[in-house]
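Notes follow the structure.
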Amino acid sequence: MPSSDQRVEQAYELARDLYASLGVDAEQAMSRLRQIPISLHCWQGDDVVGFEQSGDELGGGLAVTGNYPGKASTPDELRMDLQQAYSLIPGNHRLNLHAIYGEFGDHVPDRNEIGPEHFTGWIDWAKEQQLGLDFNPTYFAHPLAADGMTLSHPDAKMRNFWIEHGQACRQIGATMGAALGTPAVTNSWIPDGMKDTPADRKAPRERLADSLDAVFAEPIDPAQNLDAVECKLFGIGSESYVVGSHEFYLGYAISRQKLLCLDAGHFHPTEVISDKISSVLTYVPELLLHVSRGVRWDSDHVVTYNQELYEIAAELVRGGYLERTHIGLDFFDASINRIAAWAIGTRNMIKALLAALLEPTAKLREFEEQGDFTARLALMEEIKTLPLGPVWDYYCLQAGVPVGMDWLDQVRQYERSTLINRSGTPAVL
């Protein structure tokens, strides 16, 4: 009887031949996939708590539900958990850090006083792990954000505090990029908005534009740092009005030639970001994606392999946008094992990219250019049942990561050996 590895290889050979009959080179698709990094988000590992130890609630429309045992409470624990997650995921990837995840020691600086020195541990670790780093200012969970306004605040002193925070974060991102030889994408999202209908929508947006101009005033080598801005439809406490709307940030990104961040959970439930990618990249230099899964609202559920995930990946491949797109994840679920959440979400994102790279795009375009929409639709439907699974299993096997559900066994073992021993964790799961 053949071994499990042999069965994976045999199934792959059959799938490879089927894709070849449609003009698709599976080996070439996997080779391209190896070059696409996904930026895992650190905040899945500790429920967006960070290491300021301030005890402030998240606010800003953010909420984490669940109390699964064993969450990370120190930088070392978080890095340990991340290493476990990376060991289950094929490819070489990145890490996305928020400003509250610095190593601050006994004296925790205020947000406008943080610097690269508070992230040297992360940079050294990233070098060891051969990871790139991305960064985010943290404009929430702070007394000066308690009223729901930061960069658009009517009080100039409050605005200046957050401007200084944004400026400091760009310098941190640039330091990371210079040290690691790959630019950090420093992404700005703010919670600013109002629960009820405002009388003046204009002034906060004017203030926000001025504040962002001040944050971005100092030129930074794009080989070290790339600036991105992120929109949102609404949040808890900003149900009626969000200052940084999609239209605001689209105009800002185009006029200032910044990256625009599209978060899959930040739009109306009937909107999808896959349909926005080609429009946005017509006018902005590069795109940042925060791939998430909203369930009736921006609830940041773990990414599953659904149709929209595939459409996002397909749009990047069909449009030739992979070189201009930075793919990050953004979800946080404390109701399940946090490492499993990382593994599930990231493996699904990579799997969707593989499916898109295996799509017979040339044949679909040929039908479309000929006006043969019948054949186009027929082939699009046939694609849905092509043998992606055997190619995915082979890709994982070649990458030296668990095939199929085997990764979950490793998570359970780590849970028993490490997570249940953490302070405050129940002895029995």
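The values are calculated or read from the model by the stated rules, or taken from the named source; none is laboratory data. Given the structure is predicted, the values throughout are model-derived calculations rather than measurements. Glycine also receives a Cβ, built like all others from the backbone with ideal geometry; neighbour counts cover every protein chain displayed.
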- Message: Considering only the range 293-309, I want to know if a residue exists there that is under 28 Å from Val243 (Cα atoms), modelled with pLDDT under 95 and of a type in the set (Asp, Glu).
- Response: yes
- Message: Quick check on Glu27: is it more than 28 Å from Leu288 (Cα to Cα), modelled with pLDDT of 95 or more and not assigned by TED's automatic domain parsing to the domain that holds Ser240?
- Response: no
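When you look at Leu144, is it surrounded by fewer than 23 Cβ atoms within 10 Å (Cβ to Cβ) and hydrophobic (A, V, I, L, M, F, W, C), yes or no? Even if it seems obvious, please write down each step before you answer.
Values: surrounded by fewer than 23 Cβ atoms within 10 Å (Cβ to Cβ): yes; hydrophobic (A, V, I, L, M, F, W, C): yes.
Against the criterion (surrounded by fewer than 23 Cβ atoms within 10 Å (Cβ to Cβ) and hydrophobic (A, V, I, L, M, F, W, C)), Leu144 qualifies.
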- Query: For the range 190-198, does any single residue satisfy the condition of being hydroxyl-bearing (Ser, Thr, Tyr) and surrounded by fewer than 13 Cβ atoms within 10 Å (Cβ to Cβ)?
  - Reply: yes
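When residues of the range 187-200 are filtered for being assigned to a strand (DSSP E or B) and closer than 16 Å to Glu164 by Cα, how many remain? Don't jump to the end; show me each part of the working.
Keep residues of the range 187-200 that are assigned to a strand (DSSP E or B), which gives 187-188, 193-194.
If we keep only those that are closer than 16 Å to Glu164 by Cα as well, we get 187-188.
Here the count works out to 2.
For the range 99-122, enumerate the residues that are crowded, with 20+ Cβ neighbours inside 10 Å and either not assigned by TED's automatic domain parsing to the domain that holds Phe140 or not basic (Lys, Arg) (or both).
Initial filter on the range 99-122 (crowded, with 20+ Cβ neighbours inside 10 Å): 99-102, 111, 114, 118-119, 122.
Across the range 99-122, the qualifying residues are Ala99, Ile100, Tyr101, Gly102, Ile114, His118, Phe119, Trp122.
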- Residue satisfying condition, being at pLDDT below 95 and under 29 Å from the mean Cα position of the chain (by Cα), within set Arg422, Arg412: Arg422
- Task: Of the numbered conditions (1) surrounded by 13 or more Cβ atoms within 10 Å (Cβ to Cβ); (2) at negative phi, Gln35 fails exactly one; give the number of that condition.
- Result: (1)
- So, of the residues in the range 215-253 that are out of contact with any Lys or Arg (no Cβ under 8 Å at 6 or more places or on another chain), surrounded by 16 or more Cβ atoms within 10 Å (Cβ to Cβ) and of a type in the set (A, V, I, L, M), which turns out to be modelled with the lowest pLDDT? Ile236
- Message: With the structure loaded, tell me whether Ala178 is of a type in the set (A, V, I, L, M) and farther than 18 Å from Glu247 by Cα or whether it fails that test.
- Response: yes
- Apart from one, (1) hydroxyl-bearing (Ser, Thr, Tyr); (2) buried (at least 22 other Cβ atoms within 10 Å of the Cβ); (3) touching a Leu at 6+ places or on another chain (Cβ under 6 Å) all hold for Ser292; the odd one out is (3)
- State whether the residues of the range 156-174 include one that is part of a loop (DSSP other than H, G, I, E, B) and either in contact (Cβ under 8 Å) with a residue 40 or more places away in the chain or out of contact with any strand residue (DSSP E or B) (no Cβ under 6 Å at 6 or more places or on another chain) (or both). no
